Every structure is written in structure tokens, then in C-alpha cells.
Amino acid sequence: MPPRAPPPAAFPSLDAYYLHHLRSCSTPRHAAAVHAHVVRAHPFPSLFLRNTLLAAYCRLGGPARRLLDEMPRANAVSFNLLIDAYSRSGQADASLETFTRARHSVGVKADRFTYAAALAACSRAGRLREGKAVHALAVLEGLTGGVFVSNSLVSMYARCGDMGQARRVFDAAQERDDVSWNALVSGYVRAGAHDDMLRVFALMRRSGIGLNSFALGSVIKCCAGSDDSVRDIAAAVHGCVVKAGLDSDVFLASAMVDMYAKKGALSEAVALFKSVHDPNVVVFNAMIAGLCRDGAAVGMDVLREALCLYSEVQSQGMEPTEFTFSSVIRACNLAGDLEFGKQIHGQVIKYCFQGDDFIGSPLIDLYFNSGCMEDGFRCFRSLPKQDVVTWTAMISGCVQNELFERALTLFHELLAAGLKPDPFTISTVMNACASLAVARTGEQIQCFATKSGFGRFTAIGNSCIHMYARSGDVDAAVRRFQEMELHDVVSWSAIISSHAQHGCAREALRFFSEMVDAKVVPNEITFLGVLTACSHGGLVDEGLRYYEIMQEEYALSPTIKHCTCVVDLLGRAGRLGDAEAFIRDSIFHDEPVIWRSLLASCRIHRDMERGQLVADRIMELQPSSSASYVNLYNIYLDAGELSLASKIRDVMKERGVKKEPGLSWIELRSGVHSFVAGDKSHPESNTIYSKLAEMLSKIDKLTATDTSGTKSDDITRNEQSWMNWHSEKLAVALGLIHLPQPAPIRVMKNLRVCRDCHLAMKLISKSENREIILRDAIRFHHFRDGSCSCADYW
């Protein structure tokens with residue numbers, strides 16, 4: 001055995017010398033160096049020194065387990081250190097295994113700290129079963145009577161979600177302190193049991209327990225996360241904070257600002273913020289986030305105030321955090337201030353937050369909402385780690401900017417990256433399928449949602465209803481609606497709008513009555529579906545009655561869409577004068593879209609004089625829109641005024657107004673196939689035109705013997721050739737080639753179907769004995785056996 005080295009002069013012993021160096025260690029390497037020196041120069045280190053070295057390894061990282069194994073003698077402190085270290089690092093199994101080893105080690109007596117550390121490991125990992133076993137052992141050892149272990153038990157049960165057992169342990173405790181009360185209060189907050197939390201808080205006050213920032217912070221968090229019914233309680237809690245003399249605590253100040261903002265009490269939040277002496281960046285973060293929590297409700301002035309607060313953060317020399325930037329970018333997004341948002345983006349890069357996921361998603365939203373797609377993609381690609389939230393932001397941005405195919409591609413890339421989408425991601429992708437009307441792809445995503453355990457989510461069900469309805473399968477939409485366990489206002493609105501778009505007016509109104517009977521309060525979108533149903537079904541009196549009910553019984557203000565539906569309702573019924581008077585009395589009389597609805601009705605009822613005046617009004621309001629020119633051209637053409645129609649085309653050329661090209665598409669097993677008029681780019685073009693010629697030949701034979709008056713007299717021979725090549729006819733021809741006999745042919749079009757194609761679809765459905773479902777820009781048309789579901793009321 002080597003002789004003991006003398007200690008340095010400044011230290012009374014070698015233990016003191018090494019303890020001094022261990023306390024100053026900041027890295028595992030430093031701790032290992034001291035350890036090596038101890039092994040070489042100190043043959044008889046005390047247990048206290050070994051435990052201190054063990055604590056350094058536990059704190060900094062190192063071979064703590066090996067050191068414990070090599071220690072000639074250990075005590076409860078040694079094991080407690082390792083149990084706690086494993087617990088804090090998330091290694092619950094290793095922590096509990098060390099606890100078991102401590103209980104069976106010779107010469108070691110597990111104490112209250114040992115059991116508290118084991119309970120903390122169960123608490124952090126949510127191991128309720130193991131926690132109950134540790135509880136039982138603590139009872140056998142007679143340790144549950146002490147406040148230290150009982151507090152750990154309350155915290156463990158609360159964190160594992162068993163509030164009933166947590167309350168029983170709390171009530172049975174022989175001694176309680178403020179930690180006991182805080183653990184129970186925070187447990188009820190975490191469980192969302194707001195009423196129980198408030199009762200415990202009141203009991204705590206009656207028991208004379210002093211309030212601290214932790215307990216009050218939990219109560220404030222509860223008030224912030226609950227409904228409006230506890231707004232008065234929130235004010236009472238604020239009073240408790242003041243009485244306790246903690247109103248200057250910045251932690252509580254930020255929590256109360258957040259609480260008032262979430263309750264919609266912005267004036268109280270602002271007043272509290274201004275009363276805080278020397279607020280730090282956390283308080284500023286809470287106020288900025290509160291101001292932009294609901295952009296639609298607070299208005300632009302409040303959003304501007306949020307941006308000004310960020311400037312104040314900078315002027316006071318505070319360093320913004322990722323929460324600061326996230327809230328400010330959201331404010332820029334809601335305010336539509338792209339330029340200020342770009343400046344904030346520059347600040348994000350300056351403070352090295354460009355790789356932060358918490359900031360990446362709001363930045364992507366900012367650029368996508370402003371239509372800057374490439375900037376959004378660059379932000380996404382610059383993130384070192386793309387999580388589900390950022391992928392969802394990308395997919396949502398593509399859907400918002402009508403890049404539906406790109407959204408589906410991103411979804412497949414998300415899956416290929418090994419990430420699991422959440423319900424919001426799936427709902428967004430379903431909306432992309434709805435817009436593309438690709439039912440087959442939508443069905444696959446629905447199956448994926450069901451396999452992932454999201455099938456029962458109401459939001460997923462709502463998206464399925466929308467997807468099936470937009471894809472032309474209203475029966476599937478009804479089945480999905482009936483399978484749902486819970487119907488919210490979105491569910492009812494979706495099923496009502498589905499029937500409205502398919503021309504099933506009476507069914508839509510029946511669902512509305514069922515919705516009212518179910519005590520679900522309709523909103524603006526619900527009534528939009530109801531008015532659309534009445535418009536497409538020719539139910540004028542019912543539509544006007546529901547328009548009054550919306551305002552008088554539900555206090556809903558009509559939007560431009562509601563008013564356009566009323567104009568369409570009156571116009572389709574031939575009440576053009578009433579429709580025009582309604583527009584002039586409306587607050588939306590300067591909106592082109594409402595006049596376009598009247599112009600379409602003028603064409604239906606061949607009112608050329610009124611149509612010309614309405615078209616002039618639209619051209620005055622929106623001279624670059626092609627819709628008014630095209631409608632007026634068709635009105636002149638229907639009236640036989642070819643020279644006037646020709647002049648309209650000349651005016652369009654002079655003004656550089658171009659008609660949006662018609663595009664139709666159909667989904668087959670091989671994918672989505674799209675066409676424009678006269679399109680010959682398809683690989684099966686020759687086969688398609690041969691099938692189209694065959695179809696038209698059958699129609700000619702059918703109309704030659706038809707005495708029902710279905711043949712159109714409005715189409716001249718010169719126009720007929722080009723109309724025969726319209727995009728929807730090409731899509732139908734491809735569907736007839738590839739789809740089996742029982743399958744309906746579903747075709748989607750971006751523009752309103754013309755009269756010739758509408759007539760042709762009726763005749764094709766009869767000659768080919770096939771059901772054809774055509775979605776145009778206005779509604780769905782179901783063609784069966786020579787007739788259409790719209791009954792030519794479109």
C-alpha cells in the first residue's frame with residue numbers, strides 16, 4: 001500500500017482538497033481528472049468524498065454506476081444520488097432497479113429520500129403501477145407518516161392521473177405543508193378538474209396556509225384554461241395575488257396577463273401589463289401573445305400595438321426569445337404586414353433562431369398567407385429538423401394557395417420521412433382531396449386515419465363528409481355522417497351544404513331541422529348552405545324566411561355570400577326586379593360578385609336590356625374580370641344579336657381581358673386526367689376522340705327520333721363543332737372507355753357547364769345507360785336516363 005500523500009498546505013486534509021476541486025468541476029472530463037488523481041494519490045478516500053465524486057458524475061455525466069459498483073462501502077446517500085440521476089435523465093427502469101438494489105444491499109438502510117427519489121422516477125415516467133408498489137413498501141417501512149414521503153406520493157399520483165388516490169393520500173397525511181397543497185392543486189389543474197381545484201384552493205385559504213407564487217401560478221393557469229364561467233373567479237384570484245403582496249412577481253404577472261387575454265378581457269390585461277414595474281421579456285411575451293390571440297376579434301389597431309411592443313422590447317435592450325418571435329410573427333400574419341414580418345425574419349436570423357421549429361411554422365404561415373410560396377418553401381428547407389407541425393404548416397399553406405396536388409405530394413413525403421401525421425394534418429389533406437375531387441385518394445387517407453386511431457375524431461369525420469360530397473358521392477357523405485359519434489356545428493353545416501350543392505334542397509332543409517332539434521346552434525356557414533339549397537331548389541319563400549330567421553332569431557349578420565344567395569334565389573325564380581332592388585338596398589351594392597349573380601339570372605330569363613345595364617355596372621366595378629364580358633356575350637348570342645356579341649369580343653381584345661380556359665378532370669385507377677377544350681395531348685387521344693364521335697353519333701340518332709323537345713335550337717352549326725370538343729365531353733369519353741358499366745362517371749369542371757354540354761350529358765346518360773355526375777363552378781349535376789337532378793333549374 002503506497003504511503004498517504006500529504007495534503008496541500010492550504011487544506012486540512014486530502015478529502016478537503018479533492019472536495020474543493022470536485023465542487024468547481026464543470027465538465028465530465030474535469031470530474032474524471034479529479035477521480036484519477038484520487039485513485040493515484042489518496043488510497044483511503046472517505047465515503048463522503050466518494051459520494052461527492054458520485055454526485056459530480058450524476059450531475060455532469062460520467063461512469064456513476066461503475067463508481068458505485070466499485071465503492072467498497074456505500075450508504076443510502078450513494079444509492080439516492082444514482083436513483084435521482086437516472087430519474088432525471090428519463091431512465092425509469094434503471095432508477096427503479098437501483099432502488100431495489102438499495103433495499104437489498106447489506107449495510108444500507110433505505111430512507112425517506114430513497115423512497116422519494118423512486119416515487120419521483122415513477123412520477124416522471126407515468127409509472128402508476130410501479131408507484132403503487134413503492135407506496136406499499138413505504139407503508140411497510142412506516143415512512144408514509146412523514147410529510148416528505150406523503151408529498152412525494154401526492155405528486156406521483158397526481159402526475160400519473162390518479163387524482164382520487166392523490167386526494168386520499170393527502171387527506172390521510174398526518175402532517176401537511178405548503179408543498180402538499182401545491183402538489184394537490186397543480187394535480188387538479190393538470191387533470192382539468194377546475195371545480196375540484198377551486199375547492200381545494202378555498203380550503204387552503206381557510207386552513208391558513210400562506211400563498212406562494214407556485215400555488216397561485218397553478219390557479220391562474222386553471223382560470224386561463226377554463227371557460228368564461230370562471231372569469232369572476234379569475235378576478236378574485238388576482239385579488240389574492242395583490243393581498244399576498246406578490247403582484248410585483250413577474251412570473252405571476254405574466255400568468256395573469258395571459259389569463260385575462262385568454263378570457264377576452266384585453267383591457268384588464270393591458271392595465272395589468274402597464275402596472276408591472278420593470279417588466280421582463282416574459283411579461284412582454286405574454287402581452288404580445290395576448291394581443292394577437294384572436295386577430296378577427298381584436299382588430300388591426302390591437303395587432304399594431306403588439307408590433308409596437310416588440311419595438312419596445314428592442315428599445316429597452318431586452319433579448320427576445322423564441323416565444324417573442326413566434327408571437328410577433330403571428331401578429332404580422334394576422335395584420336397582413338409582410339414587410340414588417342420580413343424584418344422580424346431578419347431579427348430571427350440575427351439572434352440565431354432560424355433553425356427553431358417553434359418559429360419555423362409561423363414564418364411558413366406568414367409567407368404562404370401572403371402568397372410568397374417560394375419564400376415559404378425556403379423557410380421549410382432551412383429548418384434542420386422538420387417535425388409534424390412544420391410539415392402540416394406546409395401542407396396547409398399549399399391547400400390555402402390552391403396547390404392541392406403539391407399538398408398531396410408533401411403528405412406522401414411526410415410519411416416517407418417516417419413521421420406520424422396528427423388529426424389536423426389528415427384533415428388538411430382531406431380538404432385537398434375534396435378540392436381536387438379525388439375520392440379514391442380520399443378513401444385511402446380515410447383508411448390511414450382509421451388505422452392510426454383518428455377515425456373517431458370529429459374533425460376527421462367532417463373532412464370526410466366534405467371530401468365525399470365534393471367528389472360527387474353524397475350518399476357516402478351521409479353514411480360517414482351517420483357513423484360519427486358526435487356532430488358539431490361543422491358536421492351539420494357540411495352535410496347541409498353537401499345536399500345543397502347536389503340540388504337536394506328538401507333533404508338539406510330536413511337536416512337543418514334535425515340540427516335545430518339536436519340543440520346545435522347554426523352559424524353563418526350553416527345558413528349559407530340553407531340559402532344555397534333554397535336557391536338551387538327554387539324554394540323562394542322558404543329561402544327568404546330563413547334569411548330573416550338568421551338575422552332575427554340567431555342575430556347573425558349577413559355576409560356578401562348570404563346576400564349573393566338571396567339575389568340568386570330571386571333571380572333564378574324570374575324576380576329580376578326584386579333581385580336588383582335587394583342589391584341596391586344592400587350594404588354590398590358595390591361588390592361585383594353580387595351583380596354577377598344577377599347577370600347570370602338575366603341570361604337565364606333572356607332579359608337583354610337589364611343584362612346590359614348590369615354588365616356595364618360590373619365592368620365599372622371590376623373592368624379586368626372576364627366573367628361579365630362572357631355572360632353579356634352569351635346574352636347577346638342567345639338573343640340572336642350576333643353583331644353585339646362580336647363587339648363584346650372586340651372590347652375584350654382591346655382591354656386585354658382573357659377568358660379563363662375551361663378545365664375538366666376525372667379520377668381513374670391510373671390517376672387524375674385533365675382536359676381543356678380540343679385537347680389532344682392525352683396519350684389516348686385517338687381513342688378518346690373515336691369514343692366521342694361514337695357518343696355524338698348515338699346522340700344524333702336519339703335526337704332524330706326524340707319528340708320531347710330536348711334538342712337544343714340555340715346552338716348554331718358553326719359553333720357545334722367546337723362545342724363537341726368541350727373538356728367535360730372528353731373526360732366523359734375517357735371514363736366510358738375505362739370504367740366498368742355499373743360505375744358512375746364523375747367529372748369535375750372549373751367553370752359553369754354550358755347549355756350544349758348540359759344537354760349532351762343528359763342524352764349521353766340515356767344513350768349509354770350510364771350515370772354521369774358533373775361538378776361545375778356552381779353545383780353538382782346528376783344525369784340519369786336522359787334527365788338531370790337540377791331539373792334544368794340551373
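The values are calculated or read from the model by the stated rules, or taken from the named source; none is laboratory data. Only a predicted model underlies this, so the values are computations on that prediction, with no experimental measurement involved. Positions of Cβ are backbone-derived with ideal geometry, glycine not excepted, and every protein chain shown enters the neighbour counts. Heads up: the accessible areas ignore ligands, DNA and RNA and are worked out on the full protein's heavy atoms, side chains in. Shrake-Rupley method; radii C 1.70, N 1.55, O 1.52, S 1.80 Å.
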Quiz item: Does D178 satisfy the condition of being of a type in the set (D, E), more than 30 Å from the chain's Cα centre (by Cα), within 19 Å of L252 (Cβ to Cβ) and open to solvent by 40 Å² or more (accessible area, probe 1.4 Å)?
Solution: yes
Quiz item: Could you say whether any residue in segment 533-552 is in contact with a Phe, Trp or Tyr (Cβ under 8 Å, 6 or more places away or on another chain) and over 27 Å from E591 (Cβ atoms)?
Solution: no
Practice problem: Please enumerate the residues belonging to segment 68-87 that are in a helix (DSSP H, G or I), at pLDDT 90 or above and open to solvent by 40 Å² or more (accessible area, probe 1.4 Å). | Solution: V77, L81, D84
Self-check item: Selected residue [farther than 18 Å from A138 by Cα, at pLDDT below 90 and crowded, with 18+ Cβ neighbours inside 10 Å] from V34, V108, V39
Solution: V34
Quiz item: Are any residues in segment 747-793 more than 21 Å from H499 (Cβ to Cβ) and of a type in the set (D, E), and if so, which ones?
Solution: D756, E768, D785
Exercise. Would you be able to say whether some residue in segment 89-104 is under 21 Å from A33 (Cβ atoms), in a helix (DSSP H, G or I) and open to solvent by 40 Å² or more (accessible area, probe 1.4 Å)?
Key: no
Quiz item: For segment 488-527, what are the residues that are among the β-branched types (V, I, T) and either open to solvent by less than 50 Å² (accessible area, probe 1.4 Å) or under 22 Å from the mean Cα position of the chain (by Cα) (or both)?
Solution: V489, V490, I495, I496, V520, I525, T526
Self-check item: Meets criteria (under 27 Å from I209 (Cβ atoms) and open to solvent by 70 Å² or more (accessible area, probe 1.4 Å)) for F148
Solution: yes
Quiz item: How many residues does segment 382-400 contain that are within 16 Å of the chain's Cα centre (by Cα) and not β-branched (V, I, T)?
Solution: 8
Exercise. Those residues that are of a type in the set (G, A, S), without any contact (Cβ under 8 Å) to a residue 40 or more places away in the chain and not in a strand (DSSP E or B), I need them from segment 774-790; list them, please.
Key: A777
Self-check item: Which numbered condition A253 misses (of (1) over 30 Å from G355 (Cβ atoms); (2) crowded, with 22+ Cβ neighbours inside 10 Å; (3) within 24 Å of the chain's Cα centre (by Cα))
Solution: (3)
Exercise. Kindly indicate the residue of segment 753-778 that is modelled with pLDDT of 85 or more, basic (K, R) and closer than 24 Å to A533 by Cα and also surrounded by the fewest Cβ atoms within 10 Å (Cβ to Cβ) among those meeting that condition.
Key: K762
Practice problem: Scan segment 58-65 and give yes if some residue there is within 17 Å of N151 (Cβ to Cβ), of a type in the set (A, V, I, L, M) and either modelled with pLDDT under 90 or open to solvent by 20 Å² or more (accessible area, probe 1.4 Å) (or both), otherwise no. | Solution: no
Practice problem: Kindly check whether there is at least one residue in segment 126-138 that is in a loop (DSSP other than H, G, I, E, B), open to solvent by less than 50 Å² (accessible area, probe 1.4 Å), among the β-branched types (V, I, T) and at negative phi. | Solution: no
Quiz item: If you check A306, A296, which single one turns out to be within 19 Å of N333 (Cα to Cα), modelled with pLDDT under 85 and surrounded by fewer than 19 Cβ atoms within 10 Å (Cβ to Cβ)?
Solution: A296
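Results for (1) over 16 Å from G290 (Cβ atoms); (2) of a type outside the set (D, E, K, R), shown as yes or no for each residue.
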site: D301; (1), (2): no, no
site: L307; (1), (2): no, yes
site: S311; (1), (2): yes, yes
site: G317; (1), (2): yes, yes
site: F323; (1), (2): no, yes
site: V328; (1), (2): no, yes
site: A331; (1), (2): no, yes
site: A335; (1), (2): no, yes
site: E339; (1), (2): yes, no
Exercise. Restrict the check to segment 428-437 and report whether at least one residue is at pLDDT below 90 and open to solvent by 20 Å² or more (accessible area, probe 1.4 Å).
Key: yes
